[in-house]
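The values are calculated or read from the model by the stated rules, or taken from the named source; none is laboratory data. Just so it is clear, the structure is predicted and the values come from calculations on it, not from any experiment. Every residue, glycine among them, receives a Cβ derived from its backbone with ideal geometry; neighbour counts consider all protein chains shown.
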Amino acid sequence: MFESKSGIFFIAGIGFFLLAFLGNGVVPMIMYKDRHEQTAEEVVNKRVMAQFRDLAQRYPESFQNAFGEPTEEACAEALRLGRQLYVGEGCWHCHSQFVRPVSNESRRFGPVSKSEEYDNELQRPVLFGTRRVGPDLSREGGRRGNDWHAVHFHKPQVVSTDSPMPEYPWFFDGSPDKPNRRGIAVMTYIQWLGSWLEEYPYYEELAEVKGEQ
Amino acid sequence: MTSGPSAHHRSDGFQAGDAGAPAHDDLVDEKIIVCYYVAALTFLTISMLAGLLVALQLVHWNPFRGTELLSPGRWRMIHTNAIAYGFLANAFLGTLHWAVPRLTFHKVLSTRLSWFIFGVWQVIVLSTAVGIVLGPTFQDQPWILALAKKWHLPMNLGAQGLEWGETPFWIDPLALVGLALVAVNFMVPIGKSKGPMYVSLWYFMAAFVWTFLTYAMGNLLPEYAVAGTSAGAIGGLFIHDLVGLFVTPLGWGLMYYFVPIMLKKPIWSHGLSLVGFWGLAFFYPLQGIHHFLYTPIPMFLQYGAVISTIAVELVVATVVINFFGTLVGRGKEFFENLPIRYFYTGMVFYFITCFQCALQVTLTFQKLIHFTDWVVGHAHLVMFGVFSLWLFGIMTYLFPRLLGRPWWSRSLCEYHYWLSAGGLFVMFLDLTLAGIFQGYYWSSLQPWDASTNGSQPFWITRVFAGLAMFAGLLCFLVNLWMTARGAEATDPLPARAAGTPAA
């Protein structure tokens, strides 16, 4: 049995693979099967909308060309495109998206990540990350202004002197004050990260969000 | 069971006494092996250049700053994908065309199918590369966003967000067809072979099944079927299985084939071979979640993954002991026989890798080293230190046979070994140490810059270690070029040192 073709094929090849798939894959799937997976439209919230409108005010011409009016529908579209670019440009290979309950991470980044945070279309496949050259981004939204992000994407060393992060001038039409559609989408996506957390402190300073509460 | 040694002896090069054995030329299509190797070395060159680009970016020496199509973020994915699918897969497929027919005494199912697979596989690797490099540039199309909105799927033209599963979605089906054809093409001769199977064939057969299933699982489920934390669990399983159920079994299967041939003695213990294979088959796939410890994946599943990882370390020890038992009495070969030196160096590195696994998989270690360069060092140790060194050894052994002449320069072969093994070992130590530093920088709550600035000495060292490894590859390529064009051997590698049987 242990050296026969059928034994190798069925027990080792298919059997053990399925056993592991059952234990490591199907068990969590069953545990989480009743969770509702939110769509991009459903994850748009007032905080990311505040940032989206801020982008529209700050870069009126660029924004008008890229997304027209800052509606919730346009915001969902920006989130989708931003997430596609975040993955395609390989951002997730240097920035994780989960705060671990150890190593003082909650003191540096914010609340420890919970399972329900990942139940949405924009975490498909989930972006836990593999390496942190730069900091975790799952609580990045609202920490810095859009102007900071624009300059940072254009040339990170301008605002973060020693940063080894590459430049992304193709997110702009020539200068950091002219983000193109790709640039606005990525910034919207970054500002969305963590915006779903009620207890997240930085948003309290945003007058617009406060006003709506 | 004594099938191991006897099966090996039977199929070992058709020496005197093997009157009934089919002739080598009737079994093996040597041309396709050369083509696979050339493709493999091409992608290895590209991959190492990509790695160099990323390494230079980290130390602020990137000469192509702000060039969209040379963005380090995109080329970082070329680096890993070209190794997995361009170098390792091509080199393994080429070697299997040598090993499987000679072990089974049967040709592959169809030579034309072999060439078709060869073509398809290069298309897959090249389109993956094109997709990764150009995808984000052309991502912003109304029809893509419309599809993404309609189906609520990511629809990335370029890379998908799963490590080693970056292969763009529009290539995945072709890759699956290719893998299925590979399995059929090689399983038919294995199926036709008579008598008990030799160890290598257990590994090969299982690998064909596993690779297909693993690829299908990782490239379909987290993208289309499951989301969130469960997708994370599948993603962990995928990266893990791709190493453990595709690269590892093919690598060990080839070691069980080439080592006894070159040492001209059977594997030390057939019993240990059995323990090694079945232990790996059982424990290896159970460990996927250990890539995501401390995530929201349920804790009891994380504990299970940790325990099976420690268990597999014991299995690995039996395999390594078995091979060193085989070397006993032939220790001189390690110094004189270059392929054997490659193989056993790789095995020492393999033992270090797996020993490291058993430690780093614990929650205690994970606190410190997760997300750091420690993991990057570990990945290089296993992918380059083990499997690439093994394939270099196999190529060093096979090229003179495929080309019909000895290596042009023995010393270039030696340089290739020392630069590759030495450079890799320095890189491994350097990144491991860097990881520990980074872990402490982070948990000490110093500003983030402290960790990137503190990493600079390590990252600079890494650039030079990588350059050494690349220089080794250049030695190999020059040597191969001169050998292939028939330049007269300056200091030919003695037949013995190239692993050639004395006869």
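Some notes on this structure:
- Residue selection: residue A:129 fails the criterion of being on the phi > 0 side of the Ramachandran plot, more than 13 Å from every other protein chain (Cβ to nearest Cβ) and either touching a residue at least 60 places away in the same chain (Cβ under 8 Å) or of a type outside the set (Val, Ile, Thr) (or both).
- Reported count of residues in region B:121-130, each being crowded, with 18+ Cβ neighbours inside 10 Å and either among the β-branched types (Val, Ile, Thr) or modelled with pLDDT under 95 (or both), is 3.
- Flag for residue A:87 being crowded, with 24+ Cβ neighbours inside 10 Å, at pLDDT below 95 and of a type in the set (Val, Ile, Thr): no
- Residue A:124 being at pLDDT 90 or above and within 7 Å of chain B (Cβ to nearest Cβ): no
- Residue in region B:327-339 that is closer than 29 Å to residue B:260 by Cα, more than 13 Å from chain A (Cβ to nearest Cβ), part of a helix (DSSP H, G or I) and under 22 Å from the mean Cα position of the chain (by Cα) present: yes
- Failed item, numbered, when residue B:221 is tested on (1) surrounded by fewer than 19 Cβ atoms within 10 Å (Cβ to Cβ); (2) more than 7 Å from chain A (Cβ to nearest Cβ); (3) free of Cβ contacts under 8 Å to residues at least 24 places away in the same chain; (4) assigned to a helix (DSSP H, G or I): (1)
- Against the test of being of a type outside the set (A, V, I, L, M, F, W, C), crowded, with 19+ Cβ neighbours inside 10 Å and more than 20 Å from residue B:373 (Cβ to Cβ), the options B:111, B:95 yield a single qualifying residue, B:95.
- Answer from B:372, B:353 - the residue that is more than 14 Å from chain A (Cβ to nearest Cβ) and among the polar types (S, T, N, Q): B:353
- Among the criteria (1) on the phi < 0 side of the Ramachandran plot; (2) part of a loop (DSSP other than H, G, I, E, B); (3) within 12 Å of chain B (Cβ to nearest Cβ); (4) touching a Phe, Trp or Tyr at 6+ places or on another chain (Cβ under 8 Å), the one residue A:165 does not fulfil is (4).
- Selection status of residue B:433, more than 20 Å from the chain's Cα centre (by Cα), over 22 Å from residue B:42 (Cβ atoms) and not in a helix (DSSP H, G or I): no
- Residues of region B:381-413 that turn out to be farther than 24 Å from residue B:31 by Cβ and not in a helix (DSSP H, G or I), as a count: 1
- Within region B:46-92, being surrounded by fewer than 18 Cβ atoms within 10 Å (Cβ to Cβ) and polar (S, T, N, Q) holds for one residue alone: B:67.
- Residue within region B:137-154 that is more than 11 Å from chain A (Cβ to nearest Cβ), among the polar types (S, T, N, Q) and in contact with a helix residue (DSSP H, G or I) (Cβ under 8 Å, 6 or more places away or on another chain) present: no
- If you go through region A:172-189 and pick out every residue that is part of a helix (DSSP H, G or I) and over 14 Å from residue A:148 (Cα atoms), you end up with 4.
- Those residues of region B:424-472 which are under 30 Å from residue B:394 (Cβ atoms), among the small types (Gly, Ala, Ser) and surrounded by fewer than 21 Cβ atoms within 10 Å (Cβ to Cβ), in sequence order: B:468, B:471
- For residue B:313, the conditions (1) away from chain A (no Cβ under 11 Å); (2) modelled with pLDDT under 95; (3) more than 24 Å from the chain's Cα centre (by Cα) all hold with the exception of (3).
- Among the residues of region B:188-207, the ones that are within 9 Å of another protein chain (Cβ to nearest Cβ) and surrounded by fewer than 24 Cβ atoms within 10 Å (Cβ to Cβ) come to 5 in all.
- Counting only helices (runs of 4 or more DSSP H) wholly contained in region A:1-117, the ones carrying 3 or more residues that are at the interface with another protein chain (Cβ under 9 Å from one of its Cβ atoms) and either free of Cβ contacts under 8 Å to residues at least 24 places away in the same chain or under 21 Å from the mean Cα position of the chain (by Cα) (or both) occupy A:17-21, A:27-31, A:72-88, A:105-108.
- Filtering region B:313-345 to residues that are buried (at least 22 other Cβ atoms within 10 Å of the Cβ) and hydrophobic (A, V, I, L, M, F, W, C) leaves B:316, B:319, B:323, B:338, B:340, B:343.
- Residue within region B:312-325 that is out of contact with any helix residue (DSSP H, G or I) (no Cβ under 8 Å at 6 or more places or on another chain), of a type in the set (A, V, I, L, M) and more than 24 Å from residue B:44 (Cβ to Cβ) present: no
- Residues of region A:90-119 classified as touching a His at 6+ places or on another chain (Cβ under 9 Å) and of a type outside the set (Ser, Thr, Tyr), total: 3
- Residue within region A:55-68 that is under 26 Å from residue B:229 (Cβ atoms), modelled with pLDDT of 95 or more and among the basic types (Lys, Arg) present: no
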